[in-house]
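Trainee: To start, I am sharing the structure in question, which I have written as structure tokens.
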Amino acid sequence: MSIDFDLADGIATITINRPERMNAMDAEHYRGLSEAWRRVRDDNEIRVAIVTGAGEKSFSAGADIKSFLTAPTGLDEMWLTQKDQLLNRGLEVWKPVIAAVNGYCLAGGMTLLMATDIRIAAPHATFNIAEVKRGIVPGNGGTQRILEQLPYPIAMEMLLTGDAIDAATAAQHGLINKIVPMDELMATARAYAKRIAANAPLAVQAAKELAVRARDMDRNTGFRVEALVNRLLQCTEDAREGPKAFAEKRPPQFKGA
């Protein structure tokens, strides 16, 4: 049982490794996942991250019901808003995150999925946010992101019934990018990651932040912030390396500087 972390060629792979519990997460695993996201955020060697679950059955079944619903935390923790922040609960990680969905993506697993940027799924993947069936509502952004990412009636059907959709339906509605055979899942995720990691890292992070923050800015403010960020990027070594490599017909060697 663990949150496994691997780093190679600028790509971090985070694996929720608790297959005997459908990769459901108790407090210990949530803390481990929080630490993993902070490392992705803070380590300059990391350019992109992949998150997946161990085995071939489940991405994550979300919070472990036995440890969370039967033993809720004290009300004092309601105001510890910076404690063990997660990707899907307030932690700002501007490096791109790819989800490789290898099976059940349920409740908190679905909430985690909605905080990622690119999503690849195996054909047998299943998606739901069924917390209303347990007497609670989706946490960690579950009620906040669903309407941004799915058409209103589809989102509300999932939210209010708690019923699941299959991978084909998820792809049809744009919740995931593509479906690939299970034995190609991680290779496909890594192929996306390599393409992203080959780009200028400061520009990639800026592009993600601008796109995400655009949801909370009026259009004219967004245009202005975009122009300001582009002006900053023009002063970087990478902004000089990109055109130079293009002119010399070679792959660019970006440094993130």
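The values are calculated or read from the model by the stated rules, or taken from the named source; none is laboratory data. Computed from a predicted model, the values in this text were never measured in an experiment. Neighbour counts run over all protein chains shown; Cβ positions are idealised from the backbone, glycine included.
This table checks each residue for (1) among the β-branched types (Val, Ile, Thr); (2) in the same structural domain as Ile50 (by TED's automatic domain parsing); (3) part of a strand (DSSP E or B); (4) within 23 Å of Gln85 (Cα to Cα).
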position	(1), (2), (3), (4)
Met110	no, yes, no, yes
Pro123	no, yes, no, no
Phe127	no, yes, yes, no
Val132	yes, yes, no, no
Thr143	yes, yes, no, yes
Ile146	yes, yes, no, yes
Leu159	no, yes, no, no
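Trainee: Also: Evaluate the following for Gly139: is it more than 26 Å from Arg21 (Cβ to Cβ) and either modelled with pLDDT under 95 or assigned to a loop (DSSP other than H, G, I, E, B) (or both)?
Mentor: Spelling it out, it is not the case that Gly139 is more than 26 Å from Arg21 (Cβ to Cβ) and either modelled with pLDDT under 95 or assigned to a loop (DSSP other than H, G, I, E, B) (or both).
Trainee: In addition: Here are some conditions: (1) under 22 Å from Val97 (Cβ atoms); (2) surrounded by 12 or more Cβ atoms within 10 Å (Cβ to Cβ); (3) under 23 Å from the mean Cα position of the chain (by Cα). Gln172 meets all but one. Which one does it not meet?
Mentor: So the condition that Gln172 fails would be (1).
Trainee: Additional query: Looking at segment 173-195, is at least one residue among the small types (Gly, Ala, Ser) and not in a helix (DSSP H, G or I)?
Mentor: Looking for residues that are among the small types (Gly, Ala, Ser) and not in a helix (DSSP H, G or I), one finds at least one in segment 173-195, hence yes.
Trainee: Working only within segment 210-224, note down all residues that are touching a helix residue (DSSP H, G or I) at 6+ places or on another chain (Cβ under 8 Å) and either in a loop (DSSP other than H, G, I, E, B) or surrounded by fewer than 16 Cβ atoms within 10 Å (Cβ to Cβ) (or both).
Mentor: The answer is Arg213, Ala214, Arg215, Met217.
Trainee: Among residues belonging to segment 178-189 that are in contact (Cβ under 8 Å) with a residue 24 or more places away in the chain and loosely packed, with under 14 Cβ neighbours inside 10 Å, point out the one that is nearest to Asp42 (Cα to Cα).
Mentor: Looking at residues that are in contact (Cβ under 8 Å) with a residue 24 or more places away in the chain and loosely packed, with under 14 Cβ neighbours inside 10 Å, I get Lys178.
Trainee: Ok, one more. Among (1) among the aromatic types (Phe, Trp, Tyr); (2) free of Cβ contacts under 8 Å to residues at least 60 places away in the same chain; (3) assigned by TED's automatic domain parsing to the domain that holds Ala122, which single condition is Tyr192 missing?
Mentor: Status for Tyr192: all satisfied but (2).
Trainee: I'd like the full set of residues that are modelled with pLDDT of 95 or more and assigned to a loop (DSSP other than H, G, I, E, B), limited to segment 24-43.
Mentor: Within segment 24-43, just Asp43 meets the criteria.
Trainee: Is it true that some residue in segment 83-91 is touching a strand residue (DSSP E or B) at 6+ places or on another chain (Cβ under 8 Å) and at pLDDT 75 or above?
Mentor: For segment 83-91, residues touching a strand residue (DSSP E or B) at 6+ places or on another chain (Cβ under 8 Å) and at pLDDT 75 or above: present.
Trainee: Name the pairs whose Cβ atoms lie under 6 Å apart, with the first residue in segment 148-172 and more than 14 Å from Val137 (Cα to Cα), the second surrounded by fewer than 14 Cβ atoms within 10 Å (Cβ to Cβ) and not aliphatic (A, V, I, L, M), and 6 or more positions between them or separate chains?
Mentor: As it stands, the answer is Ala167/Pro123, since those pairs meet every condition given.
Trainee: Identify, from the list Lys208, Lys244, Lys178, the residue that is at pLDDT below 95, charged (D, E, K, R) and out of contact with any Ser or Thr (no Cβ under 6 Å at 6 or more places or on another chain).
Mentor: Lys244
Trainee: Another one. Would you say Ser34 is closer than 12 Å to Leu86 by Cβ and polar (S, T, N, Q)?
Mentor: So Ser34 fits the description; yes.
Trainee: Let me ask something else. Would you point out the residue of segment 44-55, among those that are outside any strand (DSSP E or B) and either without any contact (Cβ under 8 Å) to a residue 12 or more places away in the chain or under 21 Å from Ala125 (Cβ atoms) (or both), that is farthest from the chain's Cα centre (by Cα)?
Mentor: Checking each candidate, the answer is Gly55.
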